[in-house]
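Trainee: Sharing a structure here in structure tokens format.
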Amino acid sequence: MTRKTCMNCGGDRLHTFLDLGSQPNGNNFLFSSEASNEPFFPLAMIVCENCWQVQISEFPSPEFMFSNHPYVTGVNAPVLRHFEKLAPHVIGKLGLKANDLVIDIGCNDGTLLACFASHGMRVLGVDPGERTGELARKRGITVFRQFWNSDTGKSLRQLGVRPDVITATAVFYHVPDLHDFVLGLSEVMGPRTCFVVQGVNLRDLIEKNEFDHFYHEHSCIHAVAPVQRLFAKHGLRVQDVEFSEIHGGSFILYVYRDENPTPTSSEVAAAIEAEKRAGLDRRETYDAFARRVEKNMDELFALLKRLKAEGKRVYALGAPVKGSTLMNFRGIGPDLVSCATEVNEFKIGRVTPGTHIPVVDERLLSEQPDYYLVLSWNFVDYLREKYDQYLTSGGRFIVPVPHVQILGPKDR
């Protein structure tokens, strides 16, 4: 699907501000014997100069990207900690009662729903993933193996499903058609139903040079102002917004039907005003961001080349999808990074997308490298705690975002 008009407002004033070249599906981990047939797709980011929605120029088939998705929420310790706090926070904020129903869109292995269930909620997942859905079912969570869209919402309504809360964390930008997604919400939301949506916050992304949040799964990246417009078109209202440090900076929106009496928080207008001050409604903001990204990646590539010349050994710490964007954009392969360490069973024993760096089990390493390239930079504080002994012993982290830096142990 090649974008000709804005996926939010339908306008045709689309400006390409960052072309990341031809890239593979960053979550498609192949065996080395399969790598020669790996498909690549254009990856460029555009912004609509009418509503300022940031979006991808071309979106591959959702079935290709998500049906056998390898990401497993439960192996990500910082996300698990976040969900263990988010579930009771939502329950308290919305005044939920025992046996209220929570639907999680893109429930993955059921980690968030398990947190709600532990507080007495009834839970239901919707997710197209075969492997992760089976993990959720093993936890006793019912999962509809479907993409979320208007047909899914209609089917749930016809089945008499009446959710009190619908959640979507790191999901609402994984869709080719935003309006069809929201129509699905409209089908099943009642007057008191709250849609709680968490997503990477565009203002954080731009200000912190987090370009590797751009990959084919992300059809778009949201700011509060454009997404408020989207919901309003379908009779929904952003009632409140909160912010979290998770994933390098995220928003959490609380969305109701227009007729819901809960007053709109002043935080919504404040967030939109902060976006204006950050220049998210000006083309030059995005062009300046792209220049900073190019400069940072030139510095990273030069550093890795120097370390290789010095005989230093560099491993990638983790093989997240954002790492695929970074490595493919700058052509960083096994000549500069010997391997990538992982705990995810769906990645170990395979190679990284596009760059074909071997992925190994971090628990079975016989020796440590001189440097780890931290591709999951959004969890660097957690990783510095986890790898404290390595860092104290002289090992070092290379952190590429928001700018290239070499880190040792945390200060005592």
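Trainee: Name every residue in segment 270-302 that is more than 21 Å from Ile221 (Cβ to Cβ), open to solvent by 70 Å² or more (accessible area, probe 1.4 Å) and either small (Gly, Ala, Ser) or in contact (Cβ under 8 Å) with a residue 40 or more places away in the chain (or both), in order of residue number.
Mentor: Glu299
Trainee: Oh, and also: Please specify each residue of segment 107-128 satisfying the condition of being out of contact with any helix residue (DSSP H, G or I) (no Cβ under 6 Å at 6 or more places or on another chain), under 23 Å from Asn149 (Cα atoms) and not basic (Lys, Arg).
Mentor: Selection gives Leu113, Leu124, Val126.
Trainee: Only one of Asn99, Asn108 is part of a loop (DSSP other than H, G, I, E, B), open to solvent by 50 Å² or more (accessible area, probe 1.4 Å), at pLDDT 90 or above and of a type in the set (S, T, N, Q). Can you tell me which?
Mentor: On the way: Asn108 fails: open to solvent by 50 Å² or more (accessible area, probe 1.4 Å).
That would be Asn99, the only listed residue that is part of a loop (DSSP other than H, G, I, E, B), open to solvent by 50 Å² or more (accessible area, probe 1.4 Å), at pLDDT 90 or above and of a type in the set (S, T, N, Q).
Trainee: I'd like to verify a number: residues in segment 303-334 that are under 16 Å from Ser32 (Cα atoms), open to solvent by 50 Å² or more (accessible area, probe 1.4 Å) and either in contact with a helix residue (DSSP H, G or I) (Cβ under 8 Å, 6 or more places away or on another chain) or acidic (Asp, Glu) (or both), how many?
Mentor: 0
Trainee: Arg313 - would you say it is over 22 Å from the mean Cα position of the chain (by Cα), closer than 21 Å to Ile406 by Cβ and not aliphatic (A, V, I, L, M)?
Mentor: Taking the combined requirement at face value, the residue satisfies it.
Trainee: Is segment 183-202 home to any residue that is over 23 Å from the mean Cα position of the chain (by Cα) and small (Gly, Ala, Ser)?
Mentor: Yes: segment 183-202 contains one or more residues that are over 23 Å from the mean Cα position of the chain (by Cα) and small (Gly, Ala, Ser).
Trainee: Let me ask something else about it. Yes or no: segment 178-187 includes at least one residue that is in contact with a Cys (Cβ under 9 Å, 6 or more places away or on another chain), among the aromatic types (Phe, Trp, Tyr) and open to solvent by less than 10 Å² (accessible area, probe 1.4 Å).
Mentor: No, segment 178-187 contains no residue that is in contact with a Cys (Cβ under 9 Å, 6 or more places away or on another chain), among the aromatic types (Phe, Trp, Tyr) and open to solvent by less than 10 Å² (accessible area, probe 1.4 Å).
Trainee: Consider Tyr173 against the criteria (1) closer than 22 Å to Tyr254 by Cα; (2) open to solvent by less than 20 Å² (accessible area, probe 1.4 Å); (3) more than 19 Å from the chain's Cα centre (by Cα): it satisfies all of them except one. Which criterion is unmet?
Mentor: So Tyr173 meets the others, but not (3).
Trainee: Working only within segment 45-91, note down all residues that are over 17 Å from the mean Cα position of the chain (by Cα), farther than 30 Å from Glu284 by Cα and modelled with pLDDT of 75 or more.
Mentor: Those that are over 17 Å from the mean Cα position of the chain (by Cα), farther than 30 Å from Glu284 by Cα and modelled with pLDDT of 75 or more: Glu84, Lys85, Ala87, Pro88, His89, Val90, Ile91.
Trainee: OK, next. Please work out which one of (1) open to solvent by 10 Å² or more (accessible area, probe 1.4 Å); (2) within 23 Å of the chain's Cα centre (by Cα); (3) touching a residue at least 40 places away in the same chain (Cβ under 8 Å) is the condition Cys115 fails and give its number.
Mentor: So Cys115 meets the others, but not (3).
Trainee: Please identify the pairs in which a residue from segment 215-227 that is under 14 Å from Val47 (Cβ atoms) has its Cβ atom under 7 Å from the Cβ atom of a residue that is among the aliphatic types (A, V, I, L, M) and part of a loop (DSSP other than H, G, I, E, B), counting only partners at least 6 apart or on another chain.
Mentor: From residues that are under 14 Å from Val47 (Cβ atoms), the pairs are Ser219/Met7; Ser219/Val175; Cys220/Met7; Ala223/Leu280.
The values are calculated or read from the model by the stated rules, or taken from the named source; none is laboratory data. All values reported here derive from a predicted model rather than from experimental measurement. A quick note on method: Cβ atoms are made from the backbone with ideal geometry, for glycine too, and the neighbour counts reach across all protein chains shown. These accessible areas exclude ligands, DNA and RNA; they are computed on the full protein's heavy atoms, side chains included. Shrake-Rupley method; radii C 1.70, N 1.55, O 1.52, S 1.80 Å.
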